[in-house]
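Single-structure report; data block below.
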Amino acid sequence: MTLTVEIPTELSDGTITIRTHKPSDVHPYFEAVRESVAEVSRHLPWCHQDYSIEEARAWIEKMIPRFWEQRSEYHFVITDAITSSILGGCGLDEINWVNHTANLGYWVRTSRTRQGIATAASRLLARFGFEQLRLKRIDVVTSIENVPSARVIEKLNPSEKKRVKDNSPLNDGTPDTIVFSLFSQDIL
């Protein structure tokens, strides 16, 4: 059985909206990323000091549509529901269609952090995952050092929380990770 996913134009809680990217997002998205390099690059390697407008354009115009078509990743831009200004991004990736699981990720531009935006976007995105994609579990994997990210997901009251320690002999000092697991009853 093949699952067909209608591409929603947007999901909103009245304060923030998550929606599919548009070509007109390239410049404002680029500006949001550039504003946030110092904070976001510590946890998301795609956000780096030399992030370019060409990278933003390729992400929005080529990569995201390809992911949706392949059903491998579902990314959204986070916007202010009133002004439509870009606040960040969120998405589901690492989708396992056999087990109906995925990983959830997000980032918020520096000037808009600590306003509940990531939590609200994560809630909308998880609902999309459970209702539209019919996922059974959504994980958020974060470094133990990324305390703000852990706080975001803890506000969603995940059913499971697990610390994963890297005991491999090749461990280069990478910090432990925390895996938060959300199930539909946590969100719906």
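Matching residues to (1) over 15 Å from the mean Cα position of the chain (by Cα); (2) among the β-branched types (V, I, T); (3) surrounded by 13 or more Cβ atoms within 10 Å (Cβ to Cβ); (4) within 16 Å of G129 (Cα to Cα):
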{"position": "P28", "(1), (2), (3), (4)": "yes, no, yes, no"}
{"position": "V37", "(1), (2), (3), (4)": "yes, yes, yes, no"}
{"position": "V40", "(1), (2), (3), (4)": "no, yes, yes, no"}
{"position": "W46", "(1), (2), (3), (4)": "no, no, no, no"}
{"position": "K62", "(1), (2), (3), (4)": "yes, no, no, no"}
{"position": "Y74", "(1), (2), (3), (4)": "no, no, yes, yes"}
{"position": "C90", "(1), (2), (3), (4)": "no, no, yes, yes"}
{"position": "A102", "(1), (2), (3), (4)": "no, no, yes, yes"}
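Where in the range 81-188 are there strands (runs of 3 or more DSSP E), lying wholly inside it, with at least 3 residues that are closer than 25 Å to V33 by Cα and either at pLDDT 95 or above or in contact with a strand residue (DSSP E or B) (Cβ under 8 Å, 6 or more places away or on another chain) (or both)?
Output list reads 86-96, 101-108, 137-143.
Just give me the residues in the range 104-124 being surrounded by 17 or more Cβ atoms within 10 Å (Cβ to Cβ) and among the small types (G, A, S), in sequence order.
G105, A118, A120, A121, S122
Looking at (1) out of contact with any Phe, Trp or Tyr (no Cβ under 8 Å at 6 or more places or on another chain); (2) β-branched (V, I, T); (3) farther than 28 Å from F180 by Cβ, find the lone condition where T17 falls short.
(3)
Select from the range 125-138 the residues that are over 15 Å from S72 (Cα atoms) and either of a type in the set (V, I, T) or surrounded by fewer than 23 Cβ atoms within 10 Å (Cβ to Cβ) (or both) and list them in ascending order.
If the condition is that a residue be over 15 Å from S72 (Cα atoms) and either of a type in the set (V, I, T) or surrounded by fewer than 23 Cβ atoms within 10 Å (Cβ to Cβ) (or both), then R127, F130, E131, K136, R137 are the ones that fit.
Select from the range 50-71 the residues that are modelled with pLDDT of 95 or more and in a loop (DSSP other than H, G, I, E, B) and list them in ascending order.
Within the range 50-71, D50, Y51, S52 qualify.
The values are calculated or read from the model by the stated rules, or taken from the named source; none is laboratory data. Source: prediction; values computed, not measured. So basically every Cβ, Gly included, is an ideal-geometry build from the backbone, and we count neighbours across all protein chains shown.
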